[in-house]
1. Taking the stretch 244-281, which residues are among the basic types (K, R) and under 15 Å from the mean Cα position of the chain (by Cα)?
2. Go through (1) at pLDDT 95 or above; (2) within 26 Å of N156 (Cα to Cα); (3) in contact with a Ser or Thr (Cβ under 7 Å, 6 or more places away or on another chain) for G343 and report which single condition fails.
3. What are the residue pairs meeting all of these: first residue in the stretch 252-273, first residue closer than 12 Å to F4 by Cβ and in the same structural domain as G145 (by TED's automatic domain parsing), second residue more than 9 Å from ligand 2 (Cβ to nearest atom) and modelled with pLDDT under 95, Cβ atoms under 8 Å, and 6 or more apart or on different chains?
4. Are there any helices (runs of 4 or more DSSP H) wholly within the stretch 15-114 with 3 or more residues that are aliphatic (A, V, I, L, M), and if so which?
5. Residue by residue through the stretch 130-144, note down the ones that are in contact (Cβ under 8 Å) with a residue 40 or more places away in the chain and not in a strand (DSSP E or B).
6. Please go through (1) under 27 Å from E217 (Cβ atoms); (2) within 13 Å of ligand 2 (Cβ to nearest atom) for L271 and return the number of the only condition it doesn't satisfy.
7. Going through the stretch 244-265 one residue at a time, which ones are buried (at least 24 other Cβ atoms within 10 Å of the Cβ) and within 10 Å of ligand 1 (Cβ to nearest atom)?
8. Of these, P168, P134, which one is more than 23 Å from S358 (Cα to Cα), surrounded by fewer than 24 Cβ atoms within 10 Å (Cβ to Cβ) and touching an Asp or Glu at 6+ places or on another chain (Cβ under 7 Å)?
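The values are calculated or read from the model by the stated rules, or taken from the named source; none is laboratory data. Computed from a predicted structure; not experimentally measured. Glycine gets a Cβ as well: all are built from the backbone with ideal geometry, and neighbour counts include every protein chain shown.
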Amino acid sequence: MRDFSFYCPTEIIFGKDAEFKTADAALRHGGSRLLLVYGGGSAEKSGLLDRLRSGIEELKLTCGLLGGVQPNPRLGLVRKGIDMALDMRADMIVGVGGGSAIDTAKAIAHGAANPGRDVWDFWLQKEILAKTLPVGAVVTIPAAGSETSDSAVITNETTGKKMGLNTPLNRPVFAIMNPALAATLPAYQAACGVTDIFMHTLERYFSPFSDNTFTDEIAEALMRVVIRYGPRVLKDPSDYEAMSEIMWCASVSHCDLTGLGGIKDFSNHKLGHELGAKFDKPHGATLSALWESWARYVLQKNPERFIKYAGNVWGLKTAGEGIERTVEFFRSLGMPTCLSELGIGRLSDTELDDLALSCTNGKTRTIGSLMKLDCNDVKSIYALANR
Ligand code: NZQ
Ligand code: ZN
């Protein structure tokens with residue numbers, strides 16, 4: 001097992017009516033002037049936002065509201081949120097929704113804690129983030145795991161770049177998780193979420209190292225549970241038992257626990273982010289569209305790992321069977337498994353070049369750890385998926 005540091009300080013408040021504990025959690029974590037950040041309508045329509053506001057007002061806390069976060073959340077709204085947070089002297093930012101709302105809340109917290117600096121410079125690594133405001137999360141879709149993760153993914157709509165920032169300062173101080181809040185999810189959105197949850201552990205499992213018994217067994221158990229309960233939440237998002245399992249898996253899958261002692265790969269995420277930024281497609285769908293191509297491309301780097309995955313997750317014998325069964329799983333969820341199924345047609349050679357160049361920051365970086373992929377490798381993987 002390799003050395004690691006694991007810091008996951010988020011207080012998880014899980015269960016029925018958990019949203020009524022939001023104001024109290026905010027207060028306990030030092031918040032009295034809260035900016036609530038939410039999406040395009042679901043939190044308003046379900047009445048969640050009203051419930052949160054009345055709880056906050058009951059405790060005599062101040063509450064500002066910023067709606068309109070889009071999936072693949074944009075930097076422009078982050079900048080607007082930073083201005084609002086500074087105007088109202090917010091001391092806590094609360095994301096209400098999924099990865100997009102929570103990541104926007106994280107970015108606003110960073111900008112508001114560092115006035116006078118361009119918040120995007122933290123993503124570009126031109127500035128090192130040293131302080132932020134506390135962030136809370138009220139989760140309405142199990143997917144990105146942003147409620148416990150050290151990551152925030154924002155799209156700069158001016159440059160067309162979608163980028164993650166990883167720092168311990170991204171970990172929310174609390175997460176409110178009531179599985180019933182996800183009961184209104186459309187099936188496709190739920191499927192994107194299930195795919196992302198599965199992928200967060202899969203991308204950690206395919207580490208160059210294979211000697212982490214406890215971590216591997218946690219990872220394998222998580223994937224088996226997602227396989228078992230994922231189809232149930234698609235069929236009926238109000239199935240509380242199934243949604244509970246999936247929602248808890250989402251948070252554990254991306255808090256780092258399922259990869260400790262290894263080196264996470266995450267090349268499929270980096271490949272997918274390029275498609276998310278260029279074509280504005282749901283994150284989970286970009287991952288399933290590329291995974292098979294990635295897996296077949298890197299298989300020979302560590303075939304034993306693929307065999308272990310096939311056996312312990314799917315009860316199969318060979319690496320190839322494990323890959324095929326994974327692809328079938330994505331199909332059974334209604335997820336795309338190649339670029340045309342993602343709804344972007346077949347790309348030209350120039351478009352593949354552009355994607356590969358952007359993904360490797362103009363050939364200045366490689367991605368992945370199981371196999372370090374340079375610009376040519378990246379293009380080859382996009383080309384394999386281009387069908
Ligand atoms: O905007 P509203 O109206 O709320 O609708 C949202 C949105 O259209 C809808 N939705 C959410 N909860 C709902 C609901 N609709 C009905 N009922 C509910 N209860 O779902 C749609 C997608 O929301 P979004 O927040 O975009 O989904 P998700 O949680 O999948 O987040 C995706 C974003 O997170 C990033 C992705 O790249 C993407 O930008 N990620 C963030 C990570 C992190 N911070 O750790 C890690 C991930 O790998 C990922 O990259
Ligand atoms: Zn993801």
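1. Hits for the stretch 244-281 are K264, K270, K281.
2. (3)
3. Between residues of the stretch 252-273 that are closer than 12 Å to F4 by Cβ and in the same structural domain as G145 (by TED's automatic domain parsing) and residues that are more than 9 Å from ligand 2 (Cβ to nearest atom) and modelled with pLDDT under 95, there is no close pair.
4. On the way: elements: 22-28, 42-45, 48-58, 75-87, 99-113.
Filter on the stretch 15-114 gives 22-28, 48-58, 75-87, 99-113.
5. Correct list: L133, P134, T140, I141, P142, A143, A144.
6. Going through (1) under 27 Å from E217 (Cβ atoms); (2) within 13 Å of ligand 2 (Cβ to nearest atom) one by one, L271 breaks only (1).
7. Those that are buried (at least 24 other Cβ atoms within 10 Å of the Cβ) and within 10 Å of ligand 1 (Cβ to nearest atom): A250, S253, H254.
8. None of the others qualify; the one that does is P168.
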